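Let me begin by presenting the structure, written as structure tokens, before commenting on it.
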Amino acid sequence: MNSVDLENITKVYGGTTPSVDDISLTVGDGEFFTLLGPSGCGKSTTLRMIAGFISPTSGTIRFGDRDVTKLPPHKRDTGMVFQNYALFPHMDVTGNVVYGLSMRHVGKEEKRTRVAKALEIVGLDGYADRRIDQLSGGQQQRVALARALVIEPSVLLLDEPLSNLDAKLREETRAQIRQIQQRAGTTSVYVTHDQSEAMAMSDRIAVMSAGTLHQVGAPREIYRRPATSFVARFIGRSNVLEGVVEGVESRRLAVRLDGGEALFAPIVADTLSSQVVKGDRVALSLRPETLRIDPVEETTGAPVGAIRATVRMSEFTGSSCVIWLRYGEQDLLATIPDTDDLPRDGEDVLLRPDTGRTWVVAP
Ligand code: ADP
């Protein structure tokens, strides 16, 4: 079983603030698992602890039932792919890919078959004799991947491997990496700060901020059911409004926003919405596509279930219109189907969130 278990992992480099703060998670056998978060949140530190390049200050790391916390990197059986590829530029493709096997004293014949197989997996059969500097960035990254896979590692670790590629190549290569990983079936931990990359590639994602783990889940689950306001804002776009739980009914909550209006949110079992009680401080995540825009009915205020905001500007994007609004001190965003009847800049409107898709998050 090539699962990876992190149990209460903390890393303090110096000083008192942990760079990684009590993280526990399990990467399943064969899973493509991504550590996602903004720069400096502790992703690379976590990956390097899994690789064994740095030791956790406390906590336990297991591969399957093997405790590897104190093992040096070369005894952990991991393959690593870096942002800068770290290829040997003066060697050909074979020279680069065979490297890990030579280090392990694998026999000549076996080296030949394993290199050929690794190159086939990454779609570079026929490139064995090419020099590294004759390859495109995307091909170089696939050589790096072949070099990591050829040793048949129990865990493949990838640290922002696409950051040096331009946008178009990045999208192509991410799809290829995903296919290659599925073909090889290797348990993989991937680090990125790019949420769309994480969503497109991963079986599951761990969202991190400032050394802490905010949520672990499948891409859709994290998008639809963010656990915290940070996750709601970081994954896709969201309007996050804070307030206090004012009433708990059998199937929905009423939340009195700091701005004064009351909105409803459904109670969903095993999520924060089912755990809060009257008086708790929460935030509501409203995705831009779940807001309807109506004309105001009164000179001031808003009816229950709506908030009153001022249109700052509208943008026609083809299939839809993006409306930027101001609500108190906060900027809000709504995307609506295109219409000839857009609200004017400076106009007050009522925003009616789709109650079924209003989501309660930790503030
Ligand atoms: P990420 O990969 O998410 O960008 P890192 O794991 O590289 O984040 O860094 C997390 C935090 O730990 C940052 O505040 C960073 O400055 C700090 N850090 C990383 N490496 C070291 C180091 N070798 N010594 C001291 N602090 C470090």
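The values are calculated or read from the model by the stated rules, or taken from the named source; none is laboratory data. Since this is a predicted model, take the numbers as computed values, not measurements. Every residue, glycine as well, gets a Cβ built from its backbone with ideal geometry; the counts of neighbours run over all protein chains shown. Protein only, heavy atoms only, side chains kept; ligands, DNA and RNA dropped before computing areas. Shrake-Rupley method; radii C 1.70, N 1.55, O 1.52, S 1.80 Å.
Do we find that Val4 is more than 20 Å from the chain's Cα centre (by Cα) and either among the aliphatic types (A, V, I, L, M) or not assigned by TED's automatic domain parsing to the domain that holds Ala206 (or both) in this structure? So Val4 does not fit the description; no. Of the numbered criteria (1) in contact (Cβ under 8 Å) with a residue 12 or more places away in the chain; (2) open to solvent by less than 80 Å² (accessible area, probe 1.4 Å); (3) more than 30 Å from Thr339 (Cα to Cα), the one Ser238 fails is (3). Can you spot a residue in the stretch 183-194 that is out of contact with any Phe, Trp or Tyr (no Cβ under 8 Å at 6 or more places or on another chain), more than 13 Å from Asn96 (Cβ to Cβ) and among the aliphatic types (A, V, I, L, M)? Yes - at least one qualifying residue is present in the stretch 183-194.
I need every pair where a residue in the stretch 105-124 that is in the same structural domain as Gln181 (by TED's automatic domain parsing) has its Cβ under 8 Å from the Cβ of a residue that is open to solvent by 80 Å² or more (accessible area, probe 1.4 Å), sequence separation at least 6 or different chains. Listed pairs, sorted by first residue: Arg114/Glu152; Ala116/Asp125; Leu119/Asp125; Ile121/Arg183. Out of everything in the stretch 6-46 that is on the phi > 0 side of the Ramachandran plot and more than 7 Å from the ligand (Cβ to nearest atom), what residue ends up being surrounded by the fewest Cβ atoms within 10 Å (Cβ to Cβ)? Result: Gly15. Out of Ala218, Ala206, Ala269, Ala254, one residue alone is of a type in the set (Gly, Ala, Ser) and closer than 20 Å to Tyr327 by Cβ. It is Ala254. Quick check: is even one residue across the stretch 130-145 of a type outside the set (Gly, Ala, Ser), assigned to a strand (DSSP E or B) and in the same structural domain as Gly52 (by TED's automatic domain parsing)? The answer is yes, given that some residue of the stretch 130-145 is of a type outside the set (Gly, Ala, Ser), assigned to a strand (DSSP E or B) and in the same structural domain as Gly52 (by TED's automatic domain parsing). The number of residues in the stretch 205-235 that are closer than 27 Å to Ala254 by Cβ, more than 11 Å from the chain's Cα centre (by Cα) and open to solvent by less than 10 Å² (accessible area, probe 1.4 Å) comes to 2. Can you say whether Val122 is farther than 29 Å from Cys41 by Cβ, of a type in the set (Val, Ile, Thr) and at pLDDT 90 or above, as far as the supplied structure shows? For Val122, the condition - farther than 29 Å from Cys41 by Cβ, of a type in the set (Val, Ile, Thr) and at pLDDT 90 or above - is not met. Return the residue satisfying two criteria in turn: it lies in the stretch 186-196 and is open to solvent by less than 10 Å² (accessible area, probe 1.4 Å) and in contact with a Lys or Arg (Cβ under 9 Å, 6 or more places away or on another chain), and of such residues it is farthest from the ligand (Cβ to nearest atom). Among those residues, the one meeting the criterion is Thr192. Take Phe88 and tell me if it is open to solvent by 50 Å² or more (accessible area, probe 1.4 Å), on the phi < 0 side of the Ramachandran plot and under 27 Å from the mean Cα position of the chain (by Cα). So Phe88 fails the test.
What number of residues within the stretch 73-83 satisfy the criterion of being within 16 Å of the ligand (Cβ to nearest atom) and in a loop (DSSP other than H, G, I, E, B)? Looking only at that region, the number is 2. Of the residues making up the stretch 51-70, none is assigned by TED's automatic domain parsing to the domain that holds Val216, closer than 24 Å to Gly217 by Cβ, within 12 Å of the ligand (Cβ to nearest atom) and of a type in the set (Gly, Ala, Ser).
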